[in-house]
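The values are calculated or read from the model by the stated rules, or taken from the named source; none is laboratory data. Computed from a predicted model, the values in this text were never measured in an experiment. All Cβ positions, even for glycine, are placed from backbone atoms using ideal geometry, and neighbour counts span all protein chains on display. Side chains included, ligands, DNA and RNA excluded: accessible areas come from the protein's heavy atoms. Shrake-Rupley method; radii C 1.70, N 1.55, O 1.52, S 1.80 Å.
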Amino acid sequence: LIVSSLIGLDEEGCEIYEITVETIGYFNERLGDFVNPRIPPNPGDPVFLASSEMLAAVLSPRKRGERGSAYIGSLLTREVGDVPIILSVKDLVSTHLAVLASTGAGKSYTAGVLIEELMMPYNRAAVLIVDPHGEYDTLRSIAQDPRFRGEDGYQPEVKIYTHDRIKVRFSTLTEADIQYLLPEGASDKMLHFLSQAYRQLVNSPQGRNRLWGYHDLRDAVLAQKYEGNERSESSNANSIDGLLWRLDSRFDKPRCIFSDTDHIPLRELFRPGQCTVLQLSDIEQQEQQVIVATLLRRVNKARMMTVRGEVTDRQSDNYLPYPVFTLLEEAHRFAPAGRAVVSTKILQEILSEGRKFGVGIGLITQRPCKLDQDVLSQCMTQIIMRIVNPFDQDTVAESVESAGRQLLAELPALSKGQAVISGVSVNTPVICRVRTRYTQHGGETFDAPAEWANYYTDSAQRAREEEEAILVKPSTNRLKIRGLDV
C-alpha cells in the first residue's frame, strides 16, 4: 500500500506486479531479423503489449502457405492460432535440426507435423525417415489426403520399407563396418588377416571393376590360411578358422540384409514429393548402425559428385540432382556419447559440411546427454520439449546457444505438445503450442487398463472360444481308395 501510494495509486485492493523483460532487439524489416540495439531504452519508458498481428509478422521468417514455410503451431502465450509459428524450411534442412524431449512429451508427434509440412505442395521435399520402432507408417494416409494435393495435380507419395525389403550391398561396407559387425572375441591377428584380405580385394582389378561380395572376401581370407607348413609354428590356421567362423556367423546366414548385388537405389529412396520410411524394428542395433552409416555415405558421396559435376550419367547411383533430408529417430543409437560406432563419423562429417551439398539431417532423441555433443551442437534449429532429467537439461543448456537460460528453465514445466523453438529457422526463440496433426500418430501409448478390461468383454471371450474351437476341431476329410474309407 505504501509503494502504491508513492506512485499515486491510493485505491484499496490495488495490486502491483513486477514484470521482468529482456531486450531481444528491434526488428529490421529489410534484414528480416532482430538487431541488437546499441542504445538501451531509457528508464521510465512505457512498455506496451505487442498485438498478435505484430508478433505474427516479426517472429516467423515465412508466411503460412508460401514456398519454404512450415507451419508448426502457434505462440503459447496467445490464443490458439492467433500467432502462428512458421519455420523456414530452407534453413531447417540445410543447417540441420534437433528435436529433444523426454518420453511422452510429443517429439515423434511433432516430427510428424514437420513431415506433413515438408510434403505440402509448397515444399515437395525429398525426405527419408529412419524408424527403429515402426511409428511412422501412419503417414501413408498423406497419399490420399486432399489437403496435400497441389493445383497442378501434385500428390505426395509415401513408401514404407520393412526390414525384409532392406538390403545393403556388401561392397559398400568399409573395413571398419565389417570389423564392427564381427562377434566379440576377434583377436588382433584375426583383424590383421581381415585387413589384408579387404585391401587386397578392394585394390585388385576384380574389386575395382565389378561388384564383389562376401564370398569374394571370404576367399581372400582363406587364401592366407598357411604362411608355411600346415604343422609349423607359423601356421595361421587357427586364427583364419576363427575369423572365418565369425564372418560366416554374421554374413552367411538366412535372410541376411547384406547382399552381393542388391541395394535400394538412392533415387528410389529420395525423390521430391516422396517420404520414405525405413522400418528397422526387426533388425539388431549393430546392423541398424551399419545401414545408416552406409546409406549416409552413399548419399553424401552422390550429392558431392553431382554438385561438383563429377558424374553426368543420369543412370548412375552417384547421380542425385536435388537436396535431401534424413530424419533419424532415436538418434543416440547412431551417434552415442562416449562410444565409437560406425555411424558417428559420417554423421559428424555431414553435419559440419553437408550444407554445401544439400544433405540435411534431423535428429530426434529422448536422451540428449547420451547423444554425441559434437553432433548435437551442429544442429542449428532446435525443437525442445519437456525435459525433466537434470543431466539432459544441462546438456541442452551447454549445446543450444540460441535459446536463453530463461526459456530453457521452462522445460520441466512444459505440457505435452508444447515446445521451445530456437535457432536459424525462427527469428527469435519462442514457446510454441504444436498444431494438431492431419495424419494419425503412430506412437500413442497403450492404455493398459482399458486393454485388460477389454479382454473380459463378452465379444472378446466369444472370439477366443471360436478360435479355440477351430484349433481343436477334428478333421472330417476322408480319402477313398478303391471304395474303402481311409
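Of note:
- Residues Lys416 and Tyr456, FRET efficiency given R0 of 41 Å [Cβ-Cβ distance, rounded to 0.05]: 0.85
- Karplus 3J(HN,Hα) series, Hz, for region 386-399 with 6.51 cos²θ - 1.76 cosθ + 1.60 (x for Gly, Pro): 4, 10, 10, 6, x, 5, 5, 4, 5, 4, 5, 4, 7, 9
- For Ala126, residues with placed amide H under 5 Å, excluding near neighbours: Gly273, Phe325
- Scaling the Cα radius of gyration of region 115-197 by the globular reference 2.2 N^0.38 Å produces a ratio of 1.75.
- Geometric descriptor of region 320-368, per residue, is 77 Å³ (volume of the convex hull of the Cα atoms).
- When the P(r) is computed for the chain, the part past 43 Å accounts for 34% of the Cα-Cα pairs.
- Per-residue HN-Hα couplings for region 151-157 [Karplus 6.51, -1.76, 1.60; θ = phi - 60°; Hz; x = Gly/Pro]: 5, 8, x, 4, 9, x, 10
- Distance histogram in 10 Å bins (all Cα pairs of region 272-336, percent per bin): 18, 44, 29, 9
- Cβ-based net charge around Asn123, under 9 Å, with every Lys or Arg adding one and every Asp or Glu removing one: +1
- Candidate lysines - alpha carbon under 20 Å from Lys189, same-chain residues fewer than 8 apart omitted: Lys225
- Highest average first, the peptides 303-311, 123-131, 67-75, 458-466 ordered by how many other beta carbon atoms sit within 10 Å of their residues are 123-131, 67-75, 303-311, 458-466.
- Amide H to amide H distances under 5 Å link Gly134 with Leu280, Ser281, where only residues 5 or more positions off or on other chains count and H is placed in the peptide plane.
- Descending Cα extents along the principal axes, region 50-118, whole Å: 34, 27, 18
- On the basis of the beta-carbon distance and an R0 of 22 Å, Arg64 and Asn28 show a calculated FRET efficiency of 0.50.
- Volume per residue for region 88-161 equals 110 cubic angstrom (convex hull of Cα atoms).
- Protection-proxy order for peptides 325-331, 19-25, each taking the mean of Cβ atoms within 10 Å per residue, highest first: 325-331, 19-25
- Given Lys167/Lys253; Lys301/Lys356; Lys301/Lys370, the pairs whose alpha carbons are separated by over 24 Å: Lys301/Lys370
- Computed over protein heavy atoms with a 1.4 Å probe, the carbon and sulfur contribution to the accessible area of region 225-373 reaches 43%.
- Theoretical ellipticity at 222 nm over the chain - DSSP helices of four or more residues, -39500 (n - 2.57) apiece, nearest 500: -10000 deg cm²/dmol
- Of all DSSP beta bridges confined to the chain, the antiparallel ones make up roughly 40%.
- Phi angles across region 430-436 convert, under the Karplus curve 6.51 cos²θ - 1.76 cosθ + 1.60 with θ = phi - 60°, into 3J(HN,Hα) values of 9, 9, 10, 9, 5, 5, 6 Hz, Gly and Pro given as x.
- For region 251-388: relative contact order, % (alpha-carbon pairs under 8 angstrom, 6 or more apart): 22 percent
- Rounded FRET efficiency, nearest 0.05, which uses the C-beta distance separating Arg255 from Gln155 and R0 of 56 Å: 0.95
- Summing Lys and Arg as +1 and Asp and Glu as -1 over all other residues whose Cβ lies under 13 Å from the Cβ of His332 gives a net charge of +1.
- Amide H to amide H distances under 5 Å link Phe258 with Val168, where only residues 5 or more positions off or on other chains count and H is placed in the peptide plane.
- Radius, Kirkwood style, for region 356-440 when every pair of distinct Cα atoms is counted (Å): 13.7 Å
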